[in-house]
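Beneath this line is the structure, given in structure tokens, with notes to follow.
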Amino acid sequence: MSGYENAIELKGVVKRYDGFTLDNVSFEVPKGCIMGFIGQNGAGKTTTIRSLLNITKIDEGEIALLGLDHVRDEAEIKKRLAVVFDELPFHDFFNAGDMAKIFEGMYPQWDNKLYSDYLERFRLPRKKKIGQFSKGMKMKLQIACALSHNAELLVMDEATTGLDPVVRDEILHIFMEYLQDGERSILMSSHITSDLEKIADSVTFIDGGKILLSGYKDEVLEKHGILKCSKEELAGIDSADIVSVRTNSYGAEVMVSDREAAARRYDGAIIDPASLDDIMLFYVHKGAKEWW
């Protein structure tokens, strides 16, 4: 295996569209980790992923995958990379058996035995046309194909959207198995934060084409908290401690970015833990003084 520290590195990536800009995007996915790439629809997740894969040409910045340049070394990267999109890129007329023949010709490390094991495990028929598959079956087929050529990096764009909780859980379990040797890495974009809360090692939040927050998930969750107070008490909270404020008829909920410091500073205040969902919501509203 190659001696690289980060499976993915983005530095100052800019892509300008009419009405939307991927604005100075920088983050790293350490080797052996699952990075949850979080943001609401239209935040810039897919544009970032398409830029990584060199489907979209960037205007500025640098991207390295597996320690290699994403443009110059594209052919080498694609042999060692697997991608799962939210929409199936395979033709409806093919069946799962056809996919094995196609991928065997594309990937030097394709493993037919492993692929057959995944088809069995996912209860996917070999001869039925893909056009007759349900959404869940199509996603499982993509994942079976992605995991059967010994890829070092798995990139997924909203791969669990539209799947029922049982199937999602099964797929998350398989991703954990895939990572066990410590040599493989996953970038998983999703707006379903509960999935990422279960399995991600690190998280990156994107909104409006800008990175709001990136770091190890446990540290991000530990640092943030929701301070509950009355509207009168709100005036006594230093704006430097506040990410954003959600008001309601009873008072206010204040997201603080340093829970321990806030607990010391505002003695006796109730500060609840924050979920990834909470953090995403409060950061998205960061520009607004108060929201509800």
Rounded to the nearest 20 debye, dipole of the chain from Cβ charges on Lys, Arg, Asp, Glu: 1040
In degrees, nearest ten, helix 112-121 long axis to first principal axis of the chain (Cα): 60
Using alpha-carbon coordinates, inclination of helix 165-178 to the longest axis of the chain, degrees: 70
Inverse mean reciprocal Cα-Cα distance (Kirkwood Rh) of the chain, Å: 20.6
0 to 90° range, to nearest 10: angle between helix 135-146 axis and the chain longest Cα axis: 70
The stretch 207-230 versus the stretch 113-175: alpha-carbon centroid distance in Å: 31
Cβ-based net charge around I226, under 11 Å, with every Lys or Arg adding one and every Asp or Glu removing one: 0
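Over 30 Å between Cα atoms: which of K45/K286; K113/K138; K138/K210; K31/K210; K198/K228; K11/K223 fall into that group?
On the way: K45/K286 19 Å; K113/K138 20 Å; K138/K210 32 Å; K31/K210 23 Å; K198/K228 26 Å; K11/K223 25 Å.
Over 30 Å apart, Cα to Cα: K138/K210.
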Solvent-accessible area, 1.4 Å probe, carbon plus sulfur percent, for the stretch 37-131: 50
For the chain, calculated [θ]222 nm from helices alone, where every DSSP H run of n ≥ 4 adds -39500 (n - 2.57): -9000 deg cm²/dmol
Accessible area in square angstrom per residue, the stretch 114-174, 1.4 angstrom probe: 40
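Averaged per residue, what accessible surface does the stretch 233-273 expose to a 1.4 Å probe, in Å²?
On the way: 2370 Å² over 41 residues.
For the stretch 233-273, the solvent-accessible area averages 58 Å² per residue.
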Under 5 Å, built H, 5+ apart or other chain: amide partners of D207: L212
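The values are calculated or read from the model by the stated rules, or taken from the named source; none is laboratory data. No experiment lies behind these values; they were computed from the predicted model shown. Note: ideal-geometry Cβ built from the backbone for every residue, glycine included; neighbour counts use all protein chains shown. Quick note on the areas: whole protein, heavy atoms, side chains included, nothing else; ligands and nucleic acids left out. Shrake-Rupley method; radii C 1.70, N 1.55, O 1.52, S 1.80 Å.
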